[in-house]
Structure formats: structure tokens, C-alpha cells
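The structure under discussion appears below in the form of C-alpha cells.
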Amino acid sequence: MNFGGFIDDSSGPNDGLGGARIVADVPYNTTTMPTGVFSQPRLVSSSIPKNMFNSPGLSLALQPNIDNQGDETRLGENFEGSIGRRSREEEHESRSGSDNMDGGSGDDHDPTTAAGDKPPRKKRYHRHTPQQIQELEALFKECPHPDEKQRLELSKRLCLETRQVKFWFQNRRTQMKTQLERHENSLLRQENDKLRAENMSIRDAMRNPICTNCGGPAIIGDMSLEEQLLRIENARLKDELDRVCALAGKFLGRPITGPPLPNSSLELGVGTNGTFGTTMATTTTLPLGHDALPTMVVPSNRPATTLDRSMFLELALAAMDELVKMAQTDEPLWIKNIEGGREMLNHDEYLRTFTPCIGLKPNGFVTEASRETGVVIINSLALVETLMDSNRWAEMFHCMIARTSTTDVISNGMGGTRNGALQLMNAELQILSPLVPVREVSFLRFCKQHAEGVWAVVDVSIDTIKESTTFVTCRRLPSGCVVQDMPNGYSKVIWVEHAEYDESQVHQLYRPLLSSGVGFGAQRWVATLQRQCECLAILMSSTVPTRDHTAITASGRRSMLKLAQRMTDNFCAGVCASTVHKWNKLNAGNVDEDVRVMTRKSIDDPGEPPGIVLSAATSVWLPVSPQRLFDFLRDERLRSEWDILSNGGPMQEMAHIAKGQDHGNCVSLLRASAMNANQSSMLILQETYLDAAGSLVVYAPVDIPAMHVVMNGGDSAYVALLPSGFAIVPDGPGSHGPISNGHVNGNTGGGSSSVGGSLLTVAFQILVNSLPTAKLTVESVETVNNLISCTVQKIKAALQCES
């Protein structure tokens, strides 16, 4: 044991005879010093050849104090306890039992005694031999606190008295404590000096405040958000300027010198008129346009650096300026469509008004743009928090967002709010059809408060700044919403959607829907937001709609709604083949051209039956209105006309939970009649909704005992189900059916080419084998393909549509 390295464990032949002694700074007086207090020892050495911390173990003799006529100083008796008063006989025995610090014998005169002074009465000390010291040190390393039995055994073996052994250990522990205290005091003194110097520097800094970001004098008072952000980022840009110029020189093949810096760091990002956007591109050293220096591309496999963050901030500010102008400007930027009344973007006016903040449109891409205004039952702060939280955003728009994540948070906002929050996000946006690929986008999301109760949240793609590992098929131009508070907890929302995408990836049937801005457009975002907020308001209300069955408890309603949402999410993931589940696409020759068949293994998922799950989906055009098609599919009385699970008869609604003012927005529990007395009836969980952008009917067979548990408030996570259903959207403006040989079919079933139709997506998920290791058979694929074809034909026949 070396006690932290303060004592060297090595020993030599001359240990114990080093000629050192420990004396006290202040004499120990048993009559005046209080109990538990002893003086700080000091080491007097005239012949120690090396540092005390590196010397071998020393015995702890106590030298009599010559200056105090009979009063002797002794180190503390115990390491842990207090020092009590002792008789003169005990003091004499303590000294005589441990003195080996003096180099001379006990009979020698002390050389420190003055020649003219009369020395005190000599005391005869018993010195320890080197062998005794070595034995004592060895036991001290193993046990610094020997008990009475160990001391007695050691005293017999060394021919010492028990008290001598006891006092030697006491003094040895005291010496160890003293050395540790000296070292700790040295460390504390150093720390104290450091704190004193830091305190002085802080006092000086308080007298002359200096901005730690830009190095200039601190400005006291309010400062705009843009000014604060730009001061911080532009100060960092000064340090990166040389590296940027070197990189640009490599691209151009010639050296590039940085432009002269303006007097104010704020001038780097703000024009002379104090606005952002187009003026910023001419004043910054890193233009984001396409015709200046080559675009600086940030690899996607490394985190954002200071330079990246400054470029992200500049892009976000320009996108915010563009979004606000597009939300507030009417004609000539936005033109009313004569047919549908929707607003259309005037692209010529747009190019004259704005400088593309992410460069020119790639070759082969087309543009979609839309704007929608609506009133929602939510306040601006709650909506902003929902949009800035990726999980809550995906839950609010769960049928539109397959998957999302926040990859980097550049700023959390200011003053405990979302004002100035900037984050990097990934998302997979979807239309419920196998004929439309999922849009994978990486974008910046920036939030800013423009006034009291007025917020704006903007998204913009970062493909020109941060390179992607996959081929980009969609770019998100400045898009988002401006939210303004209204009385009674409502908000006015102006939503703008602007994107460029590769149209060659989209099926001909859905191209009019997307190009008109309906598929991924602002109308769909606002309609979904209104429906979800209305649902939350109804569920939080204390009053239960009259149609709802009051037999379901409040906890049972929550469990059923949670189960229905999981069912709908799984249905959407199976239709669009998002990365939520690992689907394997099958290319079977016996499957129709527009039917997509996929398979996956379900293992260790309590919410699904284990085995091989097969998903099949297709989309068709029907010459009927979306409202008529939705009413037909959700009506339990007409279900036998298309559903084989109905056993050929009508179904009965056992439970109903309203999710909106419209009767079609609900979660219901249906029961099919049994075909014979020996067959038990079956329950079907169904969720339906309808809004201005489309409608949905999703259902799944469920186990009767499990649903009883759920309706009583039990956990719905262990209810296994595989969903099937329908997604309905209106066909795009000018579309009158599928295109055949390059021409639009004019026959709509109603005799008029102006009659709008519907795009119907049919999807089934079926467990084809309960063993996950089993192989998929051709018969299983043919069965699902026939099921889809048969269902579509039955729907067309029931609605009297021509095939």
C-alpha cells in the first residue's frame, strides 16, 4: 500500500537511520491546548540525501523540545480520534518506544542547545533497530490499524513493549496524514490562485463588456432575431474564410482571395435596406445561386460544421422571406383557376420576383405549386410545437408521412420559445397508391415569430448544400405555413407547397393529380390538419356524441382509437412500401401489371400474427364521385356486395366512436353474421375518414376476447391484426380516366367528359403461412391477385361502372 503514491514502498539497508526528525512549530502544552488540537509538524533535515516522499519508511521518534523546559512535543496519538490528555508516565513511554529520528544516541547532547543554557534533564531513549523498523513497516503496509492481538504478537517477536508498538503505529499514521494534508493544501492553494485570477478577469470583463462572438463592444438593448443570428454566424465565418477560398480555388483552378470584410459583421448578411432574401445573395461570400462560385457540397456522412451551419442559416432566412411573400401576395403571383377555383402559381411572375435559393430546376423535373387557407381548432403555439417535433408532426399527418426524423438541431430557439429554431430533417411523404413512389426529402425546417400570435414555419431542401447518398427525385422549394391566432383558440393557416419532382417515376394515372398540386399540395395538408384537430377537440370534450355507444368507457375509447391508428399506419406502410417495414417486392408473371405484390416476415411482433405476410395493392380509375364511392364502401349494410368476410349478409355495428362532425369520420366495430350455428360470429375493426383531399376505409378482423379487453381499457398493443382497405382521391383536373395509347379516355360512364371520377386504391395484407421460415408459394400469390381483381369487379358491378 503506497497511499496514492505519496510514500515510496522501497526500503534500503540504512532505513530508519536517515538523520531526520520531526519537531513541532508550536510546543505541545497539555494545560493550554484544547483536546483534539495539535500543532502542524515540520520536518527538519540536515542529512537526508533525497526527497522525503521518495525516502524509505521512517520511524516516528519525538524529539524533546529544548526551548520549553520539560514540555515535550509529540505527534497525535490517533489518526482518527482526538488527542486526550495523558499522564507524564505515558508520554515518557511513548517517546521511549519510538525514537529513531535522531542520528545520535540517547545519551548525546542535543547540538541545537545553546552553549550557555542549562540543558534539561536527559531522557534515555530506546532506539529501534533496522530489523524492527523493517518488520513494523511491513505490517503497516498490510494493516495500518493492527488490533491488540497483532500488536501483542509483534511486540513479542520484536522484543518490544506493547505500548511501543502501539505508539509507533499511531505516530506512523499521523505522519501519513500530515503528508496527505500537505499535498491537499498545495492543490487547494493552486486552485485558490486560479479562482482568484479568474475572478479578477471577470471583474475586468464586466468593466469593459466585449461580445464573445464577434469581438466588438457588447451592445445593450433589444436586437432583432436576424441580427443576433447573423452576428454569431458571420463571426464564425471569418475564421472559415481562408479555408473556403482555398476550396474554391481548387474548383476554379486559380487562387481565390477573400473579399474585403465590411466594417460591421452584420453587413455580411443584411443588405442596405435591411431585408433578407435576394439582397443576401449579393452581399455574402457564399452565394447559393447557380451562376457564381461552384456550389459547396457538404458530405452527408459527417456532422454539420460551423461553415455548414452558417450556410444552412443563410438558406433558411432566404426561404423564410420567400414563404412569407408567397403567402401574402395575391395576383399576379397567384391566379384563380376558372374550373376548380383553386389558386395556380404564375411561374413567370415567380421567376421575376424571386431568385432561386436552391438553384435551377434539374432537367426532367416538373413543378407543382399550391396555396390553401383554412381555419383550424388549435392555437399558433401548439401548432408550431407540433410542426417542430418530428414525432408529433408524423402523428398529426400519419397518412401523409410514412417516416420522419430530426438529424441535427442547429438552433433550439430563443428565450425558451421556438422563435429562431432551425433543424435538419428527413421525411418520406406518400400518396396511398402503389403507382406513386414515396418522396424522400432532406430539408431544413426554420421557425420564426413575426409578431404577437403570428408564426411561420418553412421547409427547404438542402440538396445543393449537402450531397445525398441516393438519387434525388424530389426537391422541396420554400414551403410551409403562416399561422395567425384567432379568438376562441382557433388559428388561421395559410399553407404553401412548392416542389420539383421527377415525373417519369409517376404512373400516367396519377400525373394530373400531382401536377395540379392536389396530391402532395397545400389543400391536403390543410384538410388533414383540420380533420385531426377536430378529432382531438371531440375526444377531449366531456360530452359524448349521441351516436356513440355509451357502454364503452373513456379508457376503452382511448384503447380502441389507439388500436385503430396502429391499424391505419400499418395499412399505409403496406400500400406505399415505405421503410417502416422491410418489404420484398415480388415480380410474378401471373400478377396483373398494375398490381404490386410484396412479402415480409413477421417475427416477435405482438401486434401481428407470426409468419409470412403478403401484401397486394393496386389503383384503378372509376367514373364515380369520391363521395359516392366512400359512402358505398363504408356502409355496413352494403358490405356483402364486395366483402367476402361478410358471409353474404349485412353486418351489424356493435360500437361507434366519432372522430369528427361528419358521420363518416369514425372508428367502429362490426360483427358479421355466422353462416351456420356451429360457426362463431367474427368482429371487424374499421376506421373511416373523409375530408376535402380524399377519404379512407381501413378494416381488419380481430379476435373477440382481445377486443373485450380493449373495450374495457386494456392494452391494445397485443391485439394481432393485418389491415386491408381502400384509399380514395379525386382524379386531377382535366383527367377523365386512364390513358390508353397516349389518348385520354373520354367515356366516363356518364356520357359527359366533364364528369369527375375517382382514383381507388385497393390493398390487402394476408398471412399466407404461420411459419416465418416457410417459402412463399405461387398459389398464395395467385390467391391474393384473384382477391384484388374480384373485389374491384364487384365494386364496379355494384356501382354500375363499365369495365
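Side notes on the structure shown:
- Pick from the range 396-410, criterion free of Cβ contacts under 8 Å to residues at least 60 places away in the same chain and either touching an Asp or Glu at 6+ places or on another chain (Cβ under 6 Å) or open to solvent by 30 Å² or more (accessible area, probe 1.4 Å) (or both), ranking: farthest from LEU422 (Cα to Cα): SER405
- Scanning the range 496-527 for residues that are open to solvent by 10 Å² or more (accessible area, probe 1.4 Å) and hydroxyl-bearing (Ser, Thr, Tyr), we see that the one that is farthest from ILE335 (Cα to Cα) is SER504.
- Qualifying residue in the range 156-166 (condition: assigned to a helix (DSSP H, G or I) and more than 20 Å from THR129 (Cα to Cα)): no
- Number of the condition not met by VAL744 [criteria: (1) within 43 Å of the chain's Cα centre (by Cα); (2) at pLDDT below 80; (3) not acidic (Asp, Glu)]: (1)
- Here LYS585 passes the criteria (1) in a strand (DSSP E or B); (2) surrounded by 14 or more Cβ atoms within 10 Å (Cβ to Cβ) except the one numbered (2).
- Residues that are open to solvent by 20 Å² or more (accessible area, probe 1.4 Å) and either closer than 30 Å to THR618 by Cβ or in contact with a strand residue (DSSP E or B) (Cβ under 9 Å, 6 or more places away or on another chain) (or both), drawn from the range 415-427: THR417, ARG418, ASN419, ASN426
- Whichever residue in the range 661-697 is small (Gly, Ala, Ser) and modelled with pLDDT under 85 and, among such residues, is least open to solvent (accessible area, probe 1.4 Å): ALA672
- A Cβ distance below 8 Å, combined with a sequence gap of six or more or placement on separate chains, defines the contacts here; from the range 442-459, residues that are more than 16 Å from MET425 (Cβ to Cβ) reach residues that are in a loop (DSSP other than H, G, I, E, B) and of a type in the set (Gly, Ala, Ser) in the pairs LYS448/GLY420.
- Residue in the range 444-453 that is open to solvent by less than 10 Å² (accessible area, probe 1.4 Å), farther than 21 Å from ARG524 by Cα and aromatic (Phe, Trp, Tyr) present: yes
- Taking the numbered list (1) in contact with a Ser or Thr (Cβ under 6 Å, 6 or more places away or on another chain); (2) open to solvent by less than 20 Å² (accessible area, probe 1.4 Å) in turn, ARG151 passes all entries but (2).
- Options ALA427, ALA456; residue that is more than 20 Å from the chain's Cα centre (by Cα), modelled with pLDDT of 90 or more, under 20 Å from TRP495 (Cα atoms) and part of a strand (DSSP E or B): ALA456
- Taking the range 510-540 as the range and being of a type in the set (A, V, I, L, M) and modelled with pLDDT of 90 or more as the test, the residues that pass are ALA522, VAL526, ALA527, LEU529.
- Among (1) within 22 Å of ARG403 (Cβ to Cβ); (2) crowded, with 20+ Cβ neighbours inside 10 Å; (3) of a type outside the set (Ser, Thr, Tyr) - the single one ILE465 does not satisfy: (1)
- Residue tally, condition open to solvent by 60 Å² or more (accessible area, probe 1.4 Å) and either part of a helix (DSSP H, G or I) or among the hydrophobic types (A, V, I, L, M, F, W, C) (or both), over the range 354-374: 1
The values are calculated or read from the model by the stated rules, or taken from the named source; none is laboratory data. What you are looking at is a predicted structure, and each value in this text was computed from that prediction instead of being measured. Using ideal geometry, Cβ is built from the backbone for each residue, glycine included, and neighbour counts are taken over all protein chains shown. Each accessible area value is taken on the protein alone, full model and side chains, heavy atoms only, with ligands, DNA and RNA left out. Shrake-Rupley method; radii C 1.70, N 1.55, O 1.52, S 1.80 Å.
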